[in-house]
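One structure is given here, and the rest of the page talks about it.
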There are 2 protein chains.
Amino acid sequence: MAANKQELEINLLGREEQQRRLEKVYAAMRKAGLTSGIVRDNADIYYLTGRVFRGFVFVSPGLEAPLYFVRRPNHLRCDEADRLHLIKRPEEIAPVLERLGIEPGENLGLELDAIPYAEAMRLAAVFGRVPQGNLTPVMRTARAVKTDKELAMIRISGTKQSLVYERIPHVFREGMTDIEFQIEIERSLRLEGCLGQFRMAGADMELFMGNLLTGENSDTPSTYDFAMGGAGADPSLPVGADGTIIKPGVPVMVDMNGNFNGYMTDMTRMYVEGEPSEPARKAIKLSIDICAEVSAMMQPGARACDLYARALEMATAAGMEEYFMGHRYHAGFVGHGIGIEVNELPVLAPRSRDILQAGNVIAVEPKFVIPGVGAVGIENTYAVHADRPAERLTTTREEFITLD
Amino acid sequence: MAANKQELEINLLGREEQQRRLEKVYAAMRKAGLTSGIVRDNADIYYLTGRVFRGFVFVSPGLEAPLYFVRRPNHLRCDEADRLHLIKRPEEIAPVLERLGIEPGENLGLELDAIPYAEAMRLAAVFGRVPQGNLTPVMRTARAVKTDKELAMIRISGTKQSLVYERIPHVFREGMTDIEFQIEIERSLRLEGCLGQFRMAGADMELFMGNLLTGENSDTPSTYDFAMGGAGADPSLPVGADGTIIKPGVPVMVDMNGNFNGYMTDMTRMYVEGEPSEPARKAIKLSIDICAEVSAMMQPGARACDLYARALEMATAAGMEEYFMGHRYHAGFVGHGIGIEVNELPVLAPRSRDILQAGNVIAVEPKFVIPGVGAVGIENTYAVHADRPAERLTTTREEFITLD
């Protein structure tokens with residue numbers, strides 16, 4: 001709690017941890033030919049400083065440490081006074097750099113996939129340029145390989161999310177709708193410390209606290225680029241639970257928010273009142289097997305596309321290809337990196353060129369949408385290690401969890 | 001519930017209502033010199049069709065009706081088959097227009113303040129151009145004047161939000177933290193039908209379900225551009241409740257999510273366990289008086305800056321200028337338009353050039369942050385009418401509400 005502090009430290013990571021992250025960023029910048037960059041996206045600012053603030057971080061492989069340009073509020077401080085600059089408008093950045101003798105170099109990068117067109121134009125104009133280098137893939141590449149400290153934070157989220165998922169049967173009541181059930185799970189998550197916020201890359205992605213699906217609603221495709229769909233409660237947010245009453249024997253897929261500290265895990269578990277049907281049992285068994293198989297392949301150097309191919313192969317061998325990752329609509333991936341945002345690198349997809357590295361954190365979600373049965377499948381988040389098998393961070397038991 | 005429908009109508013508004021909205025958009029486009037526009041932002045797509053979908057709406061004052069380019073899923077339909085086009089990539093838009101003999105004209109607008117740089121460049125390149133006309137202010141201008149149907153939806157949100165706010169004392173328990181209290185209010189809102197989502201213009205704005213402030217945390221400035229601050233529970237989302245225990249006699253400011261159907265109201269009310277202090281009583285009285293005064297000025301033709309000036313004048317006359325709209329940090333506005341997003345036009349601010357129009361919906365939030373007391377003030381949402389006084393849409397009683 002910082003309520004009473006007159007000033008707050010801008011770099012909450014500590015110099016060493018920040019340096020570790022910056023080295024990843026600088027390596028990716030060099031590879032992309034960027035001489036400097038202005039970071040504005042909240043997810044990236046959080047990555048570089050351990051806090052979100054309104055403003056900019058100026059990074060350059062030639063600089064000893066980044067510069068901070070803070071638009072508001074004025075209560076931040078920095079040990080190195082010449083690194084923190086309070087500004088009102090981005091136009092104030094260039095004169096500060098000039099005064100400090102810092103030259104952005106030939107290729108100044110901006111987060112061109114993340115910040116609005118008008119803002120990118122204004123920032124580039126500050127330096128008399130048009131936007132050129134794209135910092136978004138650079139930051140995504142750097143963030144894909146987690147530091148030990150990041151892993152520790154993701155582990156905490158995994159532990160808390162798993163605790164809540166174990167307790168989910170306690171908040172179920174017979175005759176609930178999917179929305180009512182979701183609301184009780186939201187509350188349990190929030191009381192355990194879930195921040196609620198669900199950061200996603202991509203300006204057209206929207207979701208509130210996660211996705212809970214049961215019955216025929218499971219087969220309603222979503223307009224968003226998620227693995228699963230659902231009609232949602234309203235056409236203004238067409239995804240997820242739609243008011244379907246949860247019925248005995250009908251599977252309920254729970255895929256809710258695992259953000260407890262700015263870093264998240266992604267976990268899906270299946271719940272059922274009474275006994276699941278035979279097809280549902282077979283589908284969850286297959287999903288668990290695919291998770292085990294795919295996570296066993298999670299070694300540095302493995303190709304992300306091979307992990308997808310193996311998952312699809314197992315689904316096909318089981319005669320379940322038609323239902324794999326959807327039925328009326330098929331999602332084009334079986335897993336995705338996760339960390340500050342829910343859709344990071346690497347992506348486990350057919351045409352993915354990502355190569356797994358130690359430090360990747362990957363959610364694997366082999367799911368099946370079977371008409372007359374619903375959505376069935378689990379999702380785990382794994383950390384990839386250099387010297388040992390992938391570590392499962394979402395520890396809740398994988399089989400159907402009974403709601404009675 | 002649309003779960004079982006194989007196809008969904010793309011225009012949920014009906015032709016007449018859509019036409020009403022398009023006329024506003026076209027008028028603003030003509031004024032801005034735009035000959036056509038490609039709408040991609042979810043808030044604007046919702047405005048034009050009554051639903052969110054992943055894709056684009058092509059608008060042009062010369063066209064009888066807009067064209068829809070839908071990226072996924074493939075379950076949407078349109079009465080006029082030649083208006084709905086399923087595409088995988090934006091590059092497919094231009095050939096369709098060409099085939100239909102539709103010419104985008106000299107000045108094609110994109111939502112340059114909303115969509116990412118890379119996406120704007122790609123869309124413009126589809127037509128062999130660089131991004132030029134800005135559709136964001138056009139859409140904001142159109143959306144600032146609500147249709148009767150939009151007003152009806154906002155009224156529904158106001159009614160539901162007001163019901164929940166009346167019931168808030170029932171979910172309070174002695175010794176709760178601000179976060180625990182907020183979680184119970186979130187649950188009450190959600191059970192009443194609140195969608196949870198909180199749409200905001202501006203890529204750097206983040207908030208989860210609203211803001212609840214008590215004690216000294218009220219005086220912690222937020223990095224975001226909200227009226228009030230608070231340290232928040234985590235540096236990754238530094239705004240709002242921070243775990244402060246709610247104490248007898250200490251005011252609690254509740255400013256939570258009023259989105260029940262894609263349109264929202266904004267309301268703040270004050271709660272207190274036991275009796276509020278004399279300064280708190282005086283502050284809420286002043287806030288209520290300012291709301292009454294400012295809303296009485298809400299006539300078509302009134303200048304938004306005059307409403308702000310009057311609010312500031314009243315605060316100053318009461319000797320409360322130092323605490324008006326914050327203490328350590330002062331927000332630069334006392335009210336804002338609201339509808340699909342929480343920060344629409346007009347803005348009640350010193351340098352605002354907005355002129356009030358019938359159909360504006362405006363949240364007014366004269367708030368005071370007083371050291372040793374906390375944040376005190378109310379917020380109401382009003383609709384501006386041509387022929388009668390402004391209509392208050394947030395009907396919960398305005399005085400302190402007792403938590404015992």
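The values are calculated or read from the model by the stated rules, or taken from the named source; none is laboratory data. As the structure is a computational prediction, the values presented were derived from the model and not from experiment. Because the Cβ atoms are built from the backbone with ideal geometry, glycine has one as well, and the counts that use them run over all protein chains shown. With ligands, DNA and RNA removed, areas are computed over all heavy atoms of the protein, side chains included. Shrake-Rupley method; radii C 1.70, N 1.55, O 1.52, S 1.80 Å.
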Open item on the list: Suppose we keep only residues that are among the aliphatic types (A, V, I, L, M) and either within 15 Å of A:L22 (Cα to Cα) or crowded, with 22+ Cβ neighbours inside 10 Å (or both) within segment A:53-72. Which one would you say is nearest to the other protein chains (Cβ to nearest Cβ)?
Closed with: A:V57
TODO: Sort out which residues of segment B:98-122 are in a loop (DSSP other than H, G, I, E, B) and over 16 Å from B:T136 (Cα atoms), and write them in order of number.
DONE: B:L100, B:G101, B:I102, B:E103, B:P104, B:G105, B:E106
- [ ] Check whether at least one residue in segment A:109-127 is without any contact (Cβ under 8 Å) to a residue 40 or more places away in the chain, among the aromatic types (F, W, Y) and farther than 22 Å from B:R40 by Cβ, and report yes or no.
- [x] yes
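I'd like the full set of residues that are in a loop (DSSP other than H, G, I, E, B) and at pLDDT 95 or above, limited to segment B:208-227.
B:F208, B:M209
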Task: Every residue from segment B:158-200 that is in contact with a Ser or Thr (Cβ under 8 Å, 6 or more places away or on another chain) and of a type in the set (A, V, I, L, M, F, W, C) - done: B:V164, B:I168, B:V171, B:L195
Task: segment B:295-323, subset touching a residue at least 40 places away in the same chain (Cβ under 8 Å) and assigned to a loop (DSSP other than H, G, I, E, B), residue least open to solvent (accessible area, probe 1.4 Å) - done: B:M298
Open item on the list: Filter segment A:121-161 down to the residues that are over 15 Å from A:R20 (Cβ atoms) and basic (K, R) and list them by number.
Closed with: A:R122, A:R129, A:R140, A:R155, A:K160
Task: In segment A:112-132, the residues that are crowded, with 21+ Cβ neighbours inside 10 Å and more than 8 Å from chain B (Cβ to nearest Cβ) - done: A:L123
- [ ] Kindly provide the set of residues from segment A:161-197 that are closer than 14 Å to A:N259 by Cα and of a type outside the set (A, V, I, L, M, F, W, C), ordered by number.
- [x] A:Q161, A:S162, A:Y165, A:E186, A:R187, A:S188, A:R190, A:E192, A:G193, A:G196, A:Q197
Task: Count - residues of segment B:226-248 that are free of Cβ contacts under 8 Å to residues at least 60 places away in the same chain and facing chain A (nearest Cβ under 7 Å) - done: 7
Task: Number of the exception - B:E16 against (1) within 27 Å of the chain's Cα centre (by Cα); (2) charged (D, E, K, R); (3) surrounded by fewer than 16 Cβ atoms within 10 Å (Cβ to Cβ); (4) part of a loop (DSSP other than H, G, I, E, B) - done: (4)
- [ ] Could you run through segment A:198-220 and say how many residues are surrounded by fewer than 24 Cβ atoms within 10 Å (Cβ to Cβ), in contact with a Lys or Arg (Cβ under 9 Å, 6 or more places away or on another chain) and at the interface with chain B (Cβ under 8 Å from one of its Cβ atoms)?
- [x] 4
Open item on the list: Residues that are acidic (D, E) and away from chain B (no Cβ under 14 Å): does segment A:275-282 have at least one?
Closed with: yes
TODO: Considering only residues that are among the polar types (S, T, N, Q) and assigned to a loop (DSSP other than H, G, I, E, B), look in segment A:143-197 and name the one that is most open to solvent (accessible area, probe 1.4 Å).
DONE: A:Q197
Open item on the list: Being assigned to a loop (DSSP other than H, G, I, E, B), open to solvent by 10 Å² or more (accessible area, probe 1.4 Å) and more than 14 Å from every other protein chain (Cβ to nearest Cβ) is the filter here; which residues of segment B:342-358 pass it?
Closed with: B:N343, B:A349, B:P350, B:S352, B:R353, B:D354, B:Q357, B:A358
Task: Scope segment A:366-380; condition touching a strand residue (DSSP E or B) at 6+ places or on another chain (Cβ under 9 Å) and either open to solvent by 10 Å² or more (accessible area, probe 1.4 Å) or not charged (D, E, K, R) (or both); matching residues - done: A:P366, A:F368, A:V369, A:I370, A:G374, A:A375, A:V376, A:G377, A:I378, A:N380
TODO: Determine whether B:F69 is touching a residue at least 24 places away in the same chain (Cβ under 8 Å) and in contact with a Lys or Arg (Cβ under 7 Å, 6 or more places away or on another chain).
DONE: no
Task: First in segment A:87-99 and aliphatic (A, V, I, L, M), second anywhere and in a helix (DSSP H, G or I), Cβ under 6 Å, 6 or more apart - done: A:I93/A:V126; A:A94/A:V126
TODO: Name, by its number, the condition in (1) under 25 Å from A:K282 (Cβ atoms); (2) under 22 Å from the mean Cα position of the chain (by Cα); (3) among the acidic types (D, E) that does not hold for A:D354.
DONE: (1)
TODO: Answer yes or no as to whether A:G55 is among the small types (G, A, S) and assigned to a strand (DSSP E or B).
DONE: yes
Open item on the list: For a quick check of your reading of the model, give me the residue pairs whose first member lies in segment B:24-37 and is closer than 8 Å to B:A142 by Cβ and open to solvent by 10 Å² or more (accessible area, probe 1.4 Å), whose second is among the small types (G, A, S) and in a helix (DSSP H, G or I), with beta-carbon atoms closer than 7 Å and at least 6 apart or on different chains.
Closed with: B:K24/B:A142; B:A28/B:A142
Task: All positions within segment A:221-231 that are among the small types (G, A, S) and either closer than 19 Å to B:L195 by Cα or open to solvent by 20 Å² or more (accessible area, probe 1.4 Å) (or both) - done: A:S222, A:G229, A:G230, A:A231
TODO: Please find, within segment A:32-52, the residue that is farthest from A:A152 (Cα to Cα) out of those that are touching a Ser or Thr at 6+ places or on another chain (Cβ under 8 Å) and not in a loop (DSSP other than H, G, I, E, B).
DONE: A:S36
Task: Selected residue (only one of B:G339, B:G326 is in a loop (DSSP other than H, G, I, E, B) and surrounded by 24 or more Cβ atoms within 10 Å (Cβ to Cβ)) - done: B:G339
TODO: Identify the residue in segment A:73-91 that is within 14 Å of A:I38 (Cβ to Cβ) and surrounded by fewer than 16 Cβ atoms within 10 Å (Cβ to Cβ) and, among all such residues, is nearest to the other protein chains (Cβ to nearest Cβ).
DONE: A:R89
